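The values are calculated or read from the model by the stated rules, or taken from the named source; none is laboratory data. Computed from a prediction, not measured in an experiment: that's the story for all the values here. Quick reminder, even Gly has a Cβ in these numbers, built from the backbone with ideal geometry, and neighbours come from all protein chains shown.
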Amino acid sequence: MRAIVELAEKIATEAHPGQFRRGGSIPYIEHPRAVVSRVGDDLDTQVIAWLHDVVEDCDVSAENLHRKGIPEKHVSAVLLLTKTKGLDYQSYLDRVAQCPLASKVKIADMISNLADNPTPRQIRKYAVGLERLTRDE
């Protein structure tokens, strides 16, 4: 399983070259790295954390991930985390909440975003998201 985590890191690193975080000085790959650091020792969530933005923000498809050897359960979670046009934020959160792996990564993603100079609007958005994904149902 460690090999799949390393493969996911390699795919993410190759997918995000030349991309930068807010402010333009921090390489984007540092964001997935920060999300990985927040999901703990669970290797499944580490794979998803490395890949959580590659389908949404890069020229990578689910088929690419499958071809490169990423297992279906990880690709499915990445797709749940991928925002799609026409899906409002609450529906997106409801979709993510259906998968414990995706939820854990999304929570770590929001915490990472909150640690990265968020705007007041982003703070409000992530507060809604964290409340939804940590709610006992």
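If we scan the range 85-93, do we find a residue that is touching a helix residue (DSSP H, G or I) at 6+ places or on another chain (Cβ under 9 Å) and more than 25 Å from Asp59 (Cα to Cα)? Yes, the range 85-93 contains at least one residue that is touching a helix residue (DSSP H, G or I) at 6+ places or on another chain (Cβ under 9 Å) and more than 25 Å from Asp59 (Cα to Cα). Whenever a residue of the range 111-133 is closer than 17 Å to His31 by Cα and at pLDDT 95 or above, its partners that are among the charged types (D, E, K, R) and assigned to a helix (DSSP H, G or I), lying with C-beta atoms within less than 6 angstrom and at least six residues away or across chains, give the pairs Ile111/Arg38. Within the range 60-86, residues that are modelled with pLDDT of 95 or more have Cβ atoms under 7 Å from residues that are part of a loop (DSSP other than H, G, I, E, B) and surrounded by 15 or more Cβ atoms within 10 Å (Cβ to Cβ) in these pairs: Ala77/Cys99; Val78/His52; Leu80/Cys99; Leu81/His52, counting only partners at least 6 apart in sequence or on another chain. Going by what's in this entry, would Leu51 be described as within 13 Å of the chain's Cα centre (by Cα) and within 22 Å of Pro17 (Cβ to Cβ)? Criteria met by Leu51.
When Asp88, Asp109, Asp59 are checked against the criterion of being over 10 Å from the mean Cα position of the chain (by Cα) and either closer than 25 Å to Leu133 by Cα or of a type outside the set (Asp, Glu) (or both), Asp88 stands alone in meeting it. Of the residues making up the range 118-135, those that are more than 18 Å from the chain's Cα centre (by Cα) and either hydrophobic (A, V, I, L, M, F, W, C) or more than 14 Å from Lys106 (Cβ to Cβ) (or both) are Thr119, Pro120, Arg121, Arg124. A single member of Val5, Val35, Val54, Val47 is within 21 Å of Cys99 (Cβ to Cβ) and touching a residue at least 60 places away in the same chain (Cβ under 8 Å), and it is Val35.
Just wondering, is there one or more residues in the range 14-36 that are part of a loop (DSSP other than H, G, I, E, B), of a type outside the set (Ser, Thr, Tyr), modelled with pLDDT of 95 or more and closer than 18 Å to Leu133 by Cα? Give the derivation first.
Step one: filter the range 14-36 for residues part of a loop (DSSP other than H, G, I, E, B), giving 16-19, 21-26, 28-29.
Among the residues that remain, those that are also of a type outside the set (Ser, Thr, Tyr) are: 16-19, 21-24, 26, 29.
When the remaining residues are screened for being modelled with pLDDT of 95 or more, the result is 29.
Now restrict to residues that are closer than 18 Å to Leu133 by Cα: none.
No, the conditions are met nowhere in the range 14-36.
Which ranges mark the helices (runs of 4 or more DSSP H) fully within the range 45-136 that have 3 or more residues being surrounded by fewer than 18 Cβ atoms within 10 Å (Cβ to Cβ)? Walk me through how you get there before you give the answer.
Numbers: elements: 54-57, 62-67, 72-81, 89-97, 100-114, 120-133.
Result: 62-67, 72-81, 89-97, 100-114, 120-133.
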